[in-house]
């Protein structure tokens, strides 16, 4: 029987060596060059017109005045397995470095092994809070390579589903943000309302999350009978309840104290860092791909792009809350304008035949067999296609070599890029503000690490 | 779209890509200066940097005057004012792929370039922190390279236990 061993000093060193991420970690000041220090505190953003003061880099501070601590990888407020290394002076944050990769499962490599039909099941698991929009981005990229058109009904179904998905994603954000700030009733309400949408997804696609609903060529199934009534109930209920959230949070003094004016971001910094989505719009830049570079049928619906002024936590909150209302506006227009017709392309090389045809048509059987064993071939080329996900610009870069599998699949995850703003936003703030900063950046670790 | 096309510096090969984006094919030496001039030209944001390993697809179609190499770095720039994208594809080299880092132009490329280094082993000159980002620090090899095998867990199919 093994003796229970007490971990002595040497043993602890071994343990830290085993779990070390080496140079990826935040280093002590005596082993950090001044360039590196400047980068970590965000002083490299000293480009033309940027506001960060280069004198703010406190090079002469010594290591024994500060403390480096780990937050995460399994801290409840980091929304997954995000590890933040914080250098603290008392309660104030000097440097921050996110260490990521704890959820890396090689999904881009997996994407190269899956055929184009199977690929949607892979990308849908990246940003697991907005699966429809992931599938949409991937499918549109494949369709662009194939140069096929999607029927009008499929376009509008995609728009309906992605807006519902945006609402559900923002509701989860409202919920987790509420919980991070101690408003646990918001947690319950947000998840309660999201359940309405997930129930509709289940009715439509058969699954609540990771739907594999949007596929190259169209969508997997038509909307269920009576979908208008379901969606109208969702719109009415959630729209009315956004005003309850207003009462619960927007004017509440404790909530405002932790959000208003905390962690501001300027437009120049946001552009330099490549930050997109609600973070960019909160700085006053009216950039929403649905409006600026319309895809699907977003140029035929009426909605407002919500823009903030100060780029602080509260603006990001207000933008997301109002985007829920705007998305519901789009959903209502989808109900009114939904065209009749096919819900997927009738090109037999891309779309599998209906189940009933397989028994009676040899050709349908061959097509079905070829599609699900080999998959369809995509002509050589490369394409970058971007859509507006709830977190920002979601891009999909596909290189096709003429075979049935993507030669290279790269996904530009908005959370991955937005996460770089962490060290800038947290600098100088107090430890308790780090929670609100992570929360309002809204990273989904599945998308950060892929 | 073409009327809005930025004036690429002389000597840079351009073509129009599939999604009606403009594609530029600079050499490694032209890469940094091209991006810098595009930035001055109104491309405020660098949305994406990624690399591709063309080991098994060397006969891809490229415009005349571009010599294909094994690795290619693809940079996507976005102009908010012109509502336009441009894609810059630079041939990064065969054995030791290396291009200039865009960090001083767009600080937001820091994580993206680290990812390209981590997964494909493309080096970025003057990058401030060229470490791995997604894989563990002691990992060997670069997983998205085409000569890096896909990990497979062998599945053992054992006989079902007998009736006894």
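Extension gain for residue A:184 to residue A:229 (0.36 nm times residue separation, less C-alpha to C-alpha distance): 13.1 nm.
Shown for B:71, A:92: other C-beta atoms within 10 Å of each C-beta, ranked fewest to most, produce the order A:92, B:71.
Taking a virtual spin label 7 Å from the Cα of residue A:335 along the C-beta vector, which residues in segment A:177-221 bring their backbone nitrogen under 18 Å of it? Under cut-off, by backbone N: A:193-204.
Neighbour counts of C-beta atoms inside 10 Å place B:96, A:408 in the sequence B:96, A:408, starting with the fewest. Which one, A:331, A:233, A:132, has the greatest fluctuation when you compute a Gaussian network model over chain A with C-alpha springs under 10 angstrom? The residue with the greatest mean-square fluctuation here is A:233.
Shape analysis of segment A:101-212 places it in the oblate category; the axes a ≥ b ≥ c from the Cα gyration tensor give an a/c of at least 1.5, with a/b not above b/c. Taking B:120, B:102, B:80 in turn, the Gaussian network model of chain B (Cα-Cα springs below 10 Å) assigns the largest fluctuation to B:80. In whole percents, the pair-distance distribution calculated for segment A:367-450 from its alpha-carbon pairs, binned every 10 Å from zero, is 16, 31, 25, 15, 9, 4, 0.
Among rounded, prolate and oblate, which fits segment B:2-125 when a ≥ b ≥ c are the square roots of the eigenvalues of its C-alpha gyration tensor, a/c under 1.5 means rounded, and a/b larger than b/c means prolate? Oblate, since a/c reaches 1.5 and b/c is not below a/b. A crude spin-label estimate for the pair residue A:195 and residue A:355, with each label 7 Å from Cα along the Cβ direction, gives 3.0 nm. With a simple spin-label model that places each label point 7 Å from the Cα along the Cα-to-Cβ direction, the separation between residue B:81 and residue A:302 comes to 3.3 nm.
For chain B, the 222 nm mean residue ellipticity estimated from helices alone, with every DSSP H stretch of n ≥ 4 adding -39500 (n - 2.57) and the total spread over all residues, rounds to -5000 deg cm²/dmol. If one computes the Cα centroid of segment A:244-288 and of segment B:94-132, what distance in Å separates the two points? Here the answer is 30 Å between Cα centres. Specify the angular offset, from 0 to 90 degrees and rounded to the nearest 10, of the alpha carbon long axis of helix B:109-120 from the longest principal axis of the alpha carbons in chain B. Compared with the principal axis, the helix lies near 40 degrees.
Anyone know which of A:100, A:197, A:254 comes out most mobile in the 10 Å Cα GNM of chain A? Looking only at A:100, A:197, A:254, the largest GNM fluctuation is found for A:254. The simple Förster model, with R0 at 30 Å and r as the Cβ-Cβ distance, assigns residue B:104 and residue A:23 a FRET efficiency of 0.90. Model label sites at residue B:139 and residue B:152, defined 7 Å from Cα along the beta-carbon direction, differ in position by 2.1 nm. Here the gap between residue A:202 and residue A:374, fully extended at 0.36 nm per residue and compared with their Cα-Cα distance, gives a gain of 59.0 nm. With the highest mean first, a sort of the peptides A:394-406, B:131-143, B:31-43 on other beta-carbon atoms found within 10 angstrom per residue produces A:394-406, B:31-43, B:131-143. Relative contact order of chain A: 23 percent, from C-alpha pairs under 8 Å at least 6 residues apart in sequence. Between rounded, prolate and oblate, where does the protein assembly as shown land on the alpha carbon gyration tensor, with a ≥ b ≥ c its root eigenvalues, rounded for a/c under 1.5, else prolate if a/b exceeds b/c? Here the protein assembly as shown falls in the rounded category. Normalising the average separation of contacting C-alpha pairs (under 8 angstrom, six or more residues apart) by the number of residues puts the relative contact order of segment A:281-427 at 14 percent.
Computed on chain B, with alpha-carbon pairs under 8 angstrom and 6+ residues apart, the relative contact order is 19 percent.
Helix A:184-205 and the long axis of chain A differ in direction by around 20°, with both axes built from C-alpha atoms. With axes computed from alpha carbons, what is the tilt in degrees of helix A:227-245 against the longest principal axis of chain A, rounded to the nearest 10 within 0 to 90? Orientation of helix A:227-245: about 20 degrees from the principal axis.
As a calculated quantity, the FRET efficiency between residue B:126 and residue B:41 at R0 = 25 Å, using C-beta atoms, amounts to about 0.65. To the nearest 0.05, what FRET efficiency results for residue A:260 and residue A:342 with a Förster distance of 35 Å applied to their C-beta separation? That gives a FRET efficiency of 0.10.
Counting every other Cβ atom within 10 Å of each residue's Cβ, A:227, A:173 order from fewest to most as A:227, A:173.
Laboratory data are not the source of any read-out in this text; all were calculated from the coordinates shown. It should be emphasised that the depicted structure is a prediction, and the values quoted were computed from it without experimental measurement. Note: ideal-geometry Cβ built from the backbone for every residue, glycine included; neighbour counts use all protein chains shown.
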